[in-house]
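Visitor: Below is a structure I'd like to ask you about.
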Amino acid sequence: MTSAPASAQFWQCVTYARSISGIQIRGNANTWWGQAAGRYARGHTPKVGAVLAFEATRKMRVGHVATVSEVVSDREVLLDHANWTRRGGVEHGARAIDVSAAGDWSEVRVQYGRAMGTSSYPTRGFIYSDGAEVTPTLVAATGHVPQG
């Protein structure tokens, strides 16, 4: 996992996920799943470029969204996301593991810094990108070219 340099832009998770995935949803992360209904395909299978929508919890009152950069296995992915380990920071290649009993990605553990996190978080599922084009401006702003 790598982090963006300290001089990089301050990112919120929704702004970063929208920029890197091309999914044009606005508002708090916990509203993305509902807003995606009828606009984007949704499901419980990880795919590169999809956005994993986390539910709101006591610790994450507005939820969280993260973009899948690599599918490692049916129960592990790598995420690119912002504002998780370091306030406003961007992380690339953070491990996320499906720890749900049903294997449906409804509960995950996510890498925090260099170690695997010990907390698990409820999720709604994956919102699938329409394959929006990656622009040179996005690459310059994020320092990362999304794969997929």
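Visitor: Of everything in the stretch 28-57, what is in contact with a strand residue (DSSP E or B) (Cβ under 6 Å, 6 or more places away or on another chain) and not in a strand (DSSP E or B)? Give them in sequence order.
Guide: Passing the criteria: 29, 32, 33, 36, 40, 44, 46, 48, 50, 55.
Visitor: Further question on the same structure: Count, please, the residues in the stretch 36-74 that happen to be in contact with a helix residue (DSSP H, G or I) (Cβ under 9 Å, 6 or more places away or on another chain) and aromatic (Phe, Trp, Tyr).
Guide: Residues in the stretch 36-74 being in contact with a helix residue (DSSP H, G or I) (Cβ under 9 Å, 6 or more places away or on another chain) and aromatic (Phe, Trp, Tyr): 1 in total.
Visitor: Continuing with the same structure: May I ask you to list the residues in the stretch 18-27 that are part of a helix (DSSP H, G or I) and either under 20 Å from residue 98 (Cα atoms) or not aliphatic (A, V, I, L, M) (or both)? Walk me through it before giving the result.
Guide: Residues of the stretch 18-27 that are part of a helix (DSSP H, G or I), as a first pass: 18-21.
The answer is 18, 19, 21.
Visitor: Next up: Go through the stretch 114-125 and count every residue that is modelled with pLDDT under 95 and in contact with an Asp or Glu (Cβ under 9 Å, 6 or more places away or on another chain).
Guide: Of the residues in that region, 0 qualify.
Visitor: Are any residues in the stretch 91-107 under 11 Å from the mean Cα position of the chain (by Cα) and either surrounded by fewer than 16 Cβ atoms within 10 Å (Cβ to Cβ) or among the hydrophobic types (A, V, I, L, M, F, W, C) (or both), and if so, which ones?
Guide: Hits for the stretch 91-107 are 93, 94, 96.
Visitor: Okay, next question. Against the conditions (1) of a type in the set (Lys, Arg); (2) closer than 22 Å to residue 31 by Cβ; (3) at pLDDT 95 or above; (4) surrounded by fewer than 19 Cβ atoms within 10 Å (Cβ to Cβ), where does residue 87 fall short? Just the number, please.
Guide: (3)
The values are calculated or read from the model by the stated rules, or taken from the named source; none is laboratory data. Everything quoted here is computed from the prediction, not taken from an experiment. Using ideal geometry, Cβ is built from the backbone for each residue, glycine included, and neighbour counts are taken over all protein chains shown.
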